[in-house]
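Input: a single structure, listed below in structure tokens.
The values are calculated or read from the model by the stated rules, or taken from the named source; none is laboratory data. The structure presented is a predicted model; accordingly, all values stated were derived computationally and were not measured. We place every Cβ from the backbone using ideal geometry, glycine too, and count neighbours over all the protein chains shown. Areas reflect the complete protein model, heavy atoms only, side chains present, ligands, DNA and RNA absent. Shrake-Rupley method; radii C 1.70, N 1.55, O 1.52, S 1.80 Å.
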Amino acid sequence: MNWPGVIQAYRSFLPISDLTPVITLLEGNTPLIPVPGLVRKIGGNFSLYLKYEALNPTCSFKDRGMTLAISKAAEKGAKVVVCASTGNTSAAAAAYAARAGMKAVVILPHGKIAMGKLAQALIYGASIIPIDGNFDEALRVVRELGELNEIEVVNSINPVRIEGQKTAAFEICDVLAHAPDYHFIPVGNAGNITAYWKGFNEYKAAGKIMGLPKMMGWQAAGSAPIVDDRIIENPNTVATAIRIGNPASWQGAKAAAQESGGSIGKVTDEEILEAYRLLASTEGLFVEPACAAPLAGLIKTFKAGGIPDDAVITATMTGHGLKDPDTAIGQCQQDLTPIKASKEAVLRAIGL
Ligand code: F0G
């Protein structure tokens with residue numbers, strides 16, 4: 001059977017009625033990929049599986065929440081949806097709005113959106129409004145627009161987004177047949193860690209799993225409001241997806257870490273880029289820089305002796321590396337000057 005998308009697959013866990021039109025691009029059912037080579041490389045003995053959300057229809061985890069948000073907006077008869085975004089939410093909103101025949105308006109921090117994400121929002125036909133300001137300022141404007149009642153907000157301050165995103169936790173448990181011991185995840189606006197924790201808890205309450213994972217959230221050092229316990233006015237990081245100084249689901253992230261016995265930590269851009277290159281070159285998995293934050297965090301936690309030998313660990317790889325080609329190419333040390341088209345020249349170039 002064709003996978004039906006997250007709404008049909010997990011209908012009984014979602015706020016959906018027979019009257020809700022299901023707007024789906026058949027998101028979800030993404031692979032949980034074991035990465036033993038990476039674990040060996042860092043000297044570990046634990047099991048690590050990556051939830052590769054890059055294989056959603058718009059190449060990020062946002063599709064899970066957006067199918068719900070756009071379906072519920074359609075149920076209400078909404079014609080226009082709006083979001084603030086560091087890029088991925090705007091891509092997903094634009095795609096699902098196109099599918100539903102709605103207009104999407106996306107408010108973006110000018111100059112800080114990875115090129116692939118901008119290309120997506122453009123080609124799906126969204127109205128793109130760049131602002132002189134960061135994500136937090138864009139979200140403030142969106143909250144004000146939402147008060148007008150004519151425009152449906154599809155940021156994760158809309159609770160149905162969280163409902164959709166929790167399905168990734170269900171899928172992890174369905175594949176493992178139990179909960180992981182730890183779940184590592186990047187934290188930006190903090191909706192996704194909140195959603196996963198909700199998902200794991202609901203699966204436990206439904207008797208599908210016995211235990212719960214420790215939730216390990218990771219921010220970039222230049223944008224780590226939760227770790228630093230203060231609003232960051234000018235957040236900065238190479239991981240533009242999580243360049244957020246005042247997360248909307250701040251309390252949800254703190255609760256997830258506290259209730260699960262986990263933590264929210266931070267890693268530097270250097271650590272992020274090192275983990276980013278390491279994952280691609282040892283496992284052939286290309287993710288965007290934000291996904292490397294939890295990996296860098298895992299390496300750091302392991303080196304500090306914080307990971308038991310037999311632990312089963314999952315981590316969410318939230319978005320595809322192709323969304324941000326500039327960062328990948330910027331990390332490349334190779335000389336790309338063309339040479340003569342001959343066997344001899346190529347052999348010389350590769351040192352043979
Ligand atoms: N990873 C990626 C690739 C993201 O795009 C985001 C958030 C996160 C992690 C963090 O998730 O916000 O739920 O804590 N992107 C939002 C956006 C902010 O606008 O696309 P979060």
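Annotations for the structure displayed:
- Sparse-neighbourhood loop sites, trypsin sites (Lys or Arg not before Pro) in segment 1-108 - DSSP loop, at most 15 other Cβ within 10 angstrom: Lys79
- Listed residue (Met210, Asn189, Ala169) projecting farthest to the positive dipole end of segment 154-237, Cβ model: Met210
- Ranking Phe286, Val82, Ala256 by how far each Cα lies toward the positive end of the dipole of the chain (charges on Cβ) leaves Phe286 at the top.
- For a modelled paramagnetic label at Glu270, 7 Å from Cα along Cα-to-Cβ, no residue of segment 216-247 is in reach, as no backbone nitrogen comes under 11 Å.
- Within segment 167-294, percent of DSSP bridges classed antiparallel, to nearest 5: 10
- Solvent-accessible area per residue for the chain (1.4 angstrom probe, square angstrom): 43
- Extended-chain gain in nm, criterion 0.36 nm per residue less alpha-carbon gap, Arg40 and Ala349: 108.1 nm
- For a label point 7 Å along the Cα-to-beta-carbon line of Lys204, residues of segment 219-259 with backbone N under 12 Å: 256-259
- Cα-based shape type of segment 120-226, given that a ≥ b ≥ c are square roots of the gyration tensor eigenvalues and the cut on a/c is 1.5: prolate
- One decimal place: the segment Ile329-Ser263 gains 20.5 nm when fully extended, by the rule 0.36 nm per residue minus the C-alpha distance.
- Rounded to the nearest Hz, the phi-derived 3J(HN,Hα) couplings of segment 322-334 under the Karplus curve 6.51 cos²θ - 1.76 cosθ + 1.60 (θ = phi - 60°) are 5, 5, 10, x, 4, 5, 5, 5, x, 8, 7, 8, 6, where x marks glycine and proline.
- Anisotropy class of segment 35-172 from Cα gyration tensor, a/c 1.5 cut: prolate
- Backbone HN-Hα couplings from phi across segment 21-26 [Karplus 6.51/-1.76/1.60, Hz, Gly and Pro as x]: x, 8, 9, 9, 10, 6
- Using 0.36 nm per residue and subtracting the Cα-Cα separation, the extra length available between Ile128 and Lys79 on full extension is 16.0 nm.
- Summarising the amide proton neighbourhood of Ser263: residues at separation of 5 or more, or on other chains, whose placed amide H is nearer than 5 Å comprise Met215, Met216, Gly217.
- Note that segment 112-120 has calculated 3J(HN,Hα) couplings of 10, 10, 4, 4, x, 5, 5, 4, 4 Hz, one per residue in order, obtained from phi through the Karplus relation 6.51 cos²θ - 1.76 cosθ + 1.60 (θ = phi - 60°); glycine and proline are x.
- For the chain, the dipole from Cβ point charges (+1 on Lys and Arg, -1 on Asp and Glu) about the Cα centre works out to 400 debye, to the nearest 20.
- Projected onto planes of every orientation and averaged, the convex hull of the alpha-carbon atoms in segment 183-327 covers 9.0 nm².
- Once the mean of 1/r is taken over each pair of separate Cα atoms and inverted, the chain shows a Kirkwood hydrodynamic radius of 20.6 Å.
- Coil-residue trypsin sites (Lys or Arg not before Pro) of segment 224-267, DSSP, other Cβ within 10 Å capped at 14: Arg230
- Shown for segment 111-210: the carbon plus sulfur share of the solvent-accessible area, taken with all protein chains present and a 1.4 angstrom probe, equals 56%.
- Within the shell of other residues whose beta carbon sits under 12 angstrom from the beta carbon of Gly43, the net charge comes to +2, with Lys and Arg scored +1 and Asp and Glu -1.
- Cα gyration tensor, segment 263-309 - rounded (a/c under 1.5), prolate or oblate: oblate
- Label-point separation in nm, Glu137 to Lys303, each point 7 Å along Cα→Cβ: 3.6
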